[in-house]
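Take a look at the structure below.
The values are calculated or read from the model by the stated rules, or taken from the named source; none is laboratory data. Everything quoted here is computed from the prediction, not taken from an experiment. Counting neighbours? That spans all protein chains shown, and the Cβs are built from the backbone with ideal geometry, glycine included.
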Amino acid sequence: MKPIAESCLRNQQPIAEVLSGVLNNVKAVLELGSGTGQHGVYLAQRFPHLTWQPSDLKECLPGMRQWWQDAALGNLCEPIELDVTSENWPTTLTYDAIFTANTLHFVSWRIAEALLVGAANILPLDGILCIYGPFNENGQYTGEGNRQFDQWLKARDPESGIKEIERVEDLLANFGLALKSRHQMPANNLMLVFQ
């Protein structure tokens, strides 16, 4: 039986709506932290002009492959193993966009930084980085739900937790990536688009 993430079912439509205005001129997208693989299937179906490459840690691949096989989409690549902390990312294509959803808050800042720096390093000039998830702003939670969610995250892994939007912006600015747009999403989430 295929793994199902309930959060994907709730947020895939709003994510697709935002991305429809962002990925018009994009040819290939690398998805980082694809998890179950549901987002890749949903978005590859809606954007047939894109080649979509799901990726995640080795333990996620069996479930992702089930979604990939069942979907049988010509523009959805077989999921690849990718540890963002590794030196060399096993990327076979040239990607003009990178997408990641609900990843940064589940990991430590060290891993989040590796993801962001790695993404910045493989994107071409004018490449696009789309990050979906909850963020803190000006040292504050954006809602009570995010405060409770952050407590839950830290209870399971003290190094994880909702990241500061300013810290992400500052890091990416070092690599020439600027925040081009931000979109308010359901459940106190944001879609941040860097280019």
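Overview of values
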| item | result |
| --- | --- |
| Answer residue from the range 40-62, given it is in contact with a strand residue (DSSP E or B) (Cβ under 9 Å, 6 or more places away or on another chain) and among the aromatic types (Phe, Trp, Tyr) and is nearest to VAL29 (Cα to Cα) among those | TRP52 |
| Subset of the range 124-166 [hydrophobic (A, V, I, L, M, F, W, C), at pLDDT below 95 and surrounded by 14 or more Cβ atoms within 10 Å (Cβ to Cβ)] | PHE149, LEU153 |
| Selection within the range 67-77 - out of contact with any helix residue (DSSP H, G or I) (no Cβ under 6 Å at 6 or more places or on another chain) and surrounded by fewer than 16 Cβ atoms within 10 Å (Cβ to Cβ) | GLN69, ASP70, ALA72, GLY74 |
| Residue in the range 183-190 that is surrounded by fewer than 19 Cβ atoms within 10 Å (Cβ to Cβ), of a type outside the set (S, T, N, Q) and free of Cβ contacts under 8 Å to residues at least 24 places away in the same chain present | no |
| Residue in the range 58-78 that is under 15 Å from the mean Cα position of the chain (by Cα) and of a type outside the set (A, V, I, L, M, F, W, C) present | no |
| Qualifying residue in the range 47-58 (condition: among the aromatic types (Phe, Trp, Tyr) and part of a helix (DSSP H, G or I)) | no |
